[in-house]
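The values are calculated or read from the model by the stated rules, or taken from the named source; none is laboratory data. On a predicted model such as this, the values are computed, not experimentally measured, just so you know. Here Cβ is always computed from backbone atoms with ideal geometry, including for glycine, and neighbour counts include all displayed protein chains. Heavy atoms of the whole protein, side chains included, go into the accessibility calculation; ligands, DNA and RNA do not. Shrake-Rupley method; radii C 1.70, N 1.55, O 1.52, S 1.80 Å.
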Amino acid sequence: MAVNEGADIGLAEAQPGGRLSDLAYMRILENLFDRRLPAGAFVSQNDLVKLLGIPVAPLRDALRTLEVEGILTIHPRSGIQFVKPGLELTKSTYQFRTIIERAAVRAFAEQGDEDLIRELGDRHRTVSRHIETSGLTAETMEELEALETLLHNSIIAILRNALIETSYRRMHTYLKLVRLDRKLTAPLAQRSIREHLEIIEASEARDPDRAEAALVAHFNAALQRHLGMFV
């Protein structure tokens, strides 16, 4: 497979005291999300060295980490196979999210910061109005992504559990891969906003049962939207 060669990132880009393997790890994910490395791609180690501008040794360390995380498979003397999102990965991702966030959203509804909850509600309603008047613009798409991250990360953070946060970050990588091929339209965006607002308004009312039910309904609906891509 041919890959698009990016500009050399240079060793100077590494953070002081940071490891080149960490930089290689991040660059591989960035290239996956930017589609310079297509999901499901089969590439050689040399392809990745040219694409990333990272030496072989730290690149190998990053590849081993990503293999453990299920992002790729290393075939000795053959190449590297990146995961291609499909039904099983999509279902597993949403199953994991539901298990973890059901407990977290109950705590968020009971203990979440009032100012944060109010801000989440206000920003969701504002972006909804923008979509109604102007459709999906680059700015609204960026805000939707920011709100998705802020809401769900805030729910997870309420547990104050480093192990869960680490696992959730890994899951978020899978989620971004699953979403690469989705087509977001204004009606779908508005539906997702309404589902988020159900969670937010239940949390504002300090109603953990309603918040949990809203979260489960949101994930079930989101899963069905994603599964529609594979039918």
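Overview of results
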quantity: Of residues in the range 220-231 being within 20 Å of the chain's Cα centre (by Cα) and surrounded by fewer than 17 Cβ atoms within 10 Å (Cβ to Cβ), the one modelled with the lowest pLDDT; calculated: F230
quantity: Number of positions in the range 49-69 that are closer than 23 Å to L180 by Cα and free of Cβ contacts under 8 Å to residues at least 40 places away in the same chain; calculated: 3
quantity: Per-region count, the range 164-182, residues without any contact (Cβ under 8 Å) to a residue 40 or more places away in the chain, closer than 15 Å to T93 by Cβ and open to solvent by 50 Å² or more (accessible area, probe 1.4 Å); calculated: 1
quantity: Residue that is least open to solvent (accessible area, probe 1.4 Å) [pool: residues in the range 123-163 that are farther than 14 Å from R191 by Cα and basic (K, R)]; calculated: R123
quantity: Subset of the range 30-48 (residues that are under 15 Å from the mean Cα position of the chain (by Cα) and within 12 Å of V83 (Cβ to Cβ)); calculated: L32, A39
quantity: Long-range neighbours under 7 Å by Cβ, at least six apart or interchain, first residue at positive phi and in contact (Cβ under 8 Å) with a residue 40 or more places away in the chain within the range 191-209, second assigned to a helix (DSSP H, G or I) and open to solvent by less than 30 Å² (accessible area, probe 1.4 Å); calculated: R206/A109
quantity: Qualifying residues in the range 122-143 (those that are within 21 Å of the chain's Cα centre (by Cα) and touching a residue at least 24 places away in the same chain (Cβ under 8 Å)) - the one nearest to I193 (Cα to Cα); calculated: H124
quantity: Residue match in the range 204-213 (condition: of a type in the set (D, E, K, R) and either closer than 13 Å to L144 by Cβ or within 19 Å of the chain's Cα centre (by Cα) (or both)); calculated: no
quantity: Scan of the range 103-118 for residues that are within 12 Å of I158 (Cα to Cα) and among the basic types (K, R), ordered by number; calculated: R106
quantity: Unique residue being of a type outside the set (A, V, I, L, M) and in contact with a strand residue (DSSP E or B) (Cβ under 7 Å, 6 or more places away or on another chain) when the list is F82, F96, F108; calculated: F82
quantity: Of residues in the range 35-66 being touching a strand residue (DSSP E or B) at 6+ places or on another chain (Cβ under 7 Å) and outside any helix (DSSP H, G or I), the one nearest to L23 (Cα to Cα); calculated: L37
quantity: Test set (1) open to solvent by 70 Å² or more (accessible area, probe 1.4 Å); (2) without any contact (Cβ under 8 Å) to a residue 12 or more places away in the chain; (3) not hydrophobic (A, V, I, L, M, F, W, C) - T73 fails condition number; calculated: (1)
quantity: Single match in I99, I80, I117 (criterion: surrounded by fewer than 14 Cβ atoms within 10 Å (Cβ to Cβ) and aliphatic (A, V, I, L, M)); calculated: I99
